[in-house]
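> Starting off with a structure, shown below.
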Amino acid sequence: ESAGGKVVVRGNSGVSMAVGLNWYLRHRCRCNVSLCGSNVNLPRELPEVRPAVRKTAWAKQRYFLNYCCFGYSLPWYDWDQWQQLIDWMALSGVNMPLSVTGQEAVWEAVCRRLGMSDEEISRFLAGPPYLPFQWMGCLDGWGGPLPKTWNARHEALGRQILARQRELGMTPVLQGFTGHVPAALVKKFPDSKFHTIRWIEWQTHLLDPLDPLFAKVAAMWMREQRERFGASRFYAADTFIEMTPPSGDLKYLGDLGRAIYGGMSASDPQAVWVLQTWIFLNQRAYWTQPRIEAFLGSVANERMICLDLSCENRPQWSRTRAFCGKPWLWCNIQNYGNVVGLGGGLRKIAADLFAARKDPNAAALAGLGFVNEGLDYNPVVFDLMYEMAWMDAPPDVDEWIADYAACRYGRDDPDAQAAWKLLLDAAYDGPHRGRPAANSAPTVRRAHGAGRYDNRKLADAWGRLLAAAEKLPRTDALDFDVVNVGRQVLVSHADAAQADIVRAFAARDANAFAAAGERFLRLIDDTDRLVATRPEFLLGRWIADARRWGDTQPERDRLEWNARRVLTLWGEGPAIDDYANKDWSGLLGGYYRTRWQMQLDQAAAELKSGRETDEPAFQKRLRQWMADWSAGRQSFPSEPTGDPVPTARQMYQRYCKQSSGADGGK
């Protein structure tokens, strides 16, 4: 409210007051604070608020972050970056963030107490972007060893993060002991019972829940964590995130649940287990209702919170009897692998979340959250959903998006509003998660990505944003959106060009094949040039952030290997090649384009000679090049190059001015 010539914001916590501030910035000052471009141009005189506005959150818990995000977006973050992220969390209303930075220091201490040598510990701990997968029991050691000072520096960083989150009134979610242990313990404790667990190409070890060593290690874990990071009411533990448990016996599953929770509660009697229910979706055939009930029923309802990770697409609450009465959160996974792409079903999210609130079968729905694998490139989805935590009824999304456009750019503008109406229909009508052609494994025999978007509408939206940019003040938010929407238009044009390549190859038309290939490669080059104007899309920045954590040249080189590998081959492959693919400058021109050039040259030679080439030999050569690039040291710019709006306007003139995007939608 306005009182005594000032704007007064009140709340019952730091987070509540931050939400009030954010409401004022948006609804009175026409500002927008975002992780992807912001508009914080305050008016010269602060607008009044009369009468007073009071809002209460129905969502008791507002959760944020997925373990994977600590690998795909956050592994190289320093304190300055974390401060900005935590401030955004507070403004968005997050009061329950996953906080696992520095867990490697806890494991190092536990391993020492269990008699492991420095060499054994070094072999156990994974490289930085792979650590969160280690905390979920998926792998050990891959990407290691860590730099010598890494653990101590990240223990200190973890304490800073937690102190700021707690200062703002958040209750962080810390790590709980899952039963996953180093392989070295199998020999050190030959009388204990261990299970072997497999995930894709890795093997890990799980202590049997009934073995006395389970409780002993859990106690060590909780003690070492408490000494470093204090206690927290919430503890995350995901023993089988994408793995099949060693037994389907109902008693075993109940014993496992009791052992995991017992490891938390023995140290913290008020502990609440936070469980990612991805297990029930990923291993759906295994997790029958009796097994779900045996596992969840081992813990009292008030001592567990279930995160329904993919409610925007594949909710599990409705098939699990609302997690057997456990409190649960309606979550949106939004992003896999921090892949770059426009998408998010805004209307569906708004409708489905409030439908769940009214459904008597939803039982103990207690809040909402984002469990995105990366920080994502669609700030509009985060803004809508976190604002819905404070709404009593579903919003009219068309009205909401018009207001969003005004806040995003500082004032009402008909072109900006028209652009966002088009984007609502063309991009924010669903997840749109398919992999684009340019970033996919190169082939001339199968089309990738074509038809994911109505590219005519996307191109028209891009044109409207560029028209708005001629009238509106230049803001970081407008620059980002012009580039991000344009990037998607060019990527969709490339999808269409790759489909033309496939058709020409099948028809054995060498001339059409060459023309389609040339257009496809030029689109990759132009997309690289466009995204190079924004810091969010720079491979060089990702690599520079990684290298700064090394103290020696070999350490910095190893960190760069991690930074490159997780984006490309990931493991040894090929099961998850390109899982974390990116429309980033450097990756587009330096990695994806070269792969495609090799493939197109190979196919052109086949068309010219009329003889089929040795495909296995080519794939072997291509894979060796991919591995060499992932281990390479070529430098890429870590700062943006060029002006976003003029560069975008030039690309629009080249590809969309005459066709209005029509050819990209063929």
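The values are calculated or read from the model by the stated rules, or taken from the named source; none is laboratory data. Values in this document were obtained by computation on a predicted structure and should not be read as measured data. Cβ: placed from backbone, ideal geometry, glycine included. Neighbour counts: every protein chain shown. These area figures cover heavy atoms from the full protein model, side chains too; ligands, DNA and RNA do not enter into them. Shrake-Rupley method; radii C 1.70, N 1.55, O 1.52, S 1.80 Å.
> Answer yes if at least one residue in region 236-255 is open to solvent by less than 20 Å² (accessible area, probe 1.4 Å), more than 23 Å from residue 333 (Cβ to Cβ), in contact with a helix residue (DSSP H, G or I) (Cβ under 7 Å, 6 or more places away or on another chain) and modelled with pLDDT of 95 or more, and no otherwise.
Checked against the condition, which is being open to solvent by less than 20 Å² (accessible area, probe 1.4 Å), more than 23 Å from residue 333 (Cβ to Cβ), in contact with a helix residue (DSSP H, G or I) (Cβ under 7 Å, 6 or more places away or on another chain) and modelled with pLDDT of 95 or more, region 236-255 yields at least one hit.
> Given (1) within 29 Å of residue 542 (Cα to Cα); (2) in a loop (DSSP other than H, G, I, E, B), where does residue 612 come up short, assuming only one miss?
(1) is the only condition that residue 612 fails.
> Among (1) open to solvent by 60 Å² or more (accessible area, probe 1.4 Å); (2) touching a residue at least 24 places away in the same chain (Cβ under 8 Å), where does residue 628 come up short?
Result: residue 628 passes all but (2).
> Filter region 27-41 down to the residues that are open to solvent by less than 20 Å² (accessible area, probe 1.4 Å) and of a type outside the set (Ser, Thr, Tyr), then identify the one that is farthest from residue 409 (Cα to Cα).
The extreme case among them is 36.
> Kindly indicate the residue of region 307-366 that is among the charged types (D, E, K, R) and under 24 Å from residue 234 (Cα atoms) and also surrounded by the most Cβ atoms within 10 Å (Cβ to Cβ) among those meeting that condition.
Here the answer is 308.
> Would you mind listing the helices (runs of 4 or more DSSP H) fully within region 487-597 where at least 2 residues are of a type in the set (Asp, Glu) and surrounded by fewer than 19 Cβ atoms within 10 Å (Cβ to Cβ)?
510-531, 553-565
> Please give the number of the condition residue 163 fails out of (1) surrounded by fewer than 17 Cβ atoms within 10 Å (Cβ to Cβ); (2) in a loop (DSSP other than H, G, I, E, B); (3) of a type in the set (Gly, Ala, Ser).
Of the numbered conditions (1) surrounded by fewer than 17 Cβ atoms within 10 Å (Cβ to Cβ); (2) in a loop (DSSP other than H, G, I, E, B); (3) of a type in the set (Gly, Ala, Ser), the odd one out for residue 163 is (2).
> Going by the conditions given, is residue 251 under 24 Å from residue 125 (Cα atoms) and basic (Lys, Arg)?
no
> Taking the condition free of Cβ contacts under 8 Å to residues at least 60 places away in the same chain and either touching a strand residue (DSSP E or B) at 6+ places or on another chain (Cβ under 7 Å) or over 18 Å from residue 649 (Cβ atoms) (or both), does residue 452 pass?
Here the answer is yes, as residue 452 does meet what is asked.
> Can you pull out every residue in region 425-475 that is farther than 25 Å from residue 581 by Cβ and either of a type in the set (Ser, Thr, Tyr) or under 22 Å from the mean Cα position of the chain (by Cα) (or both)?
475
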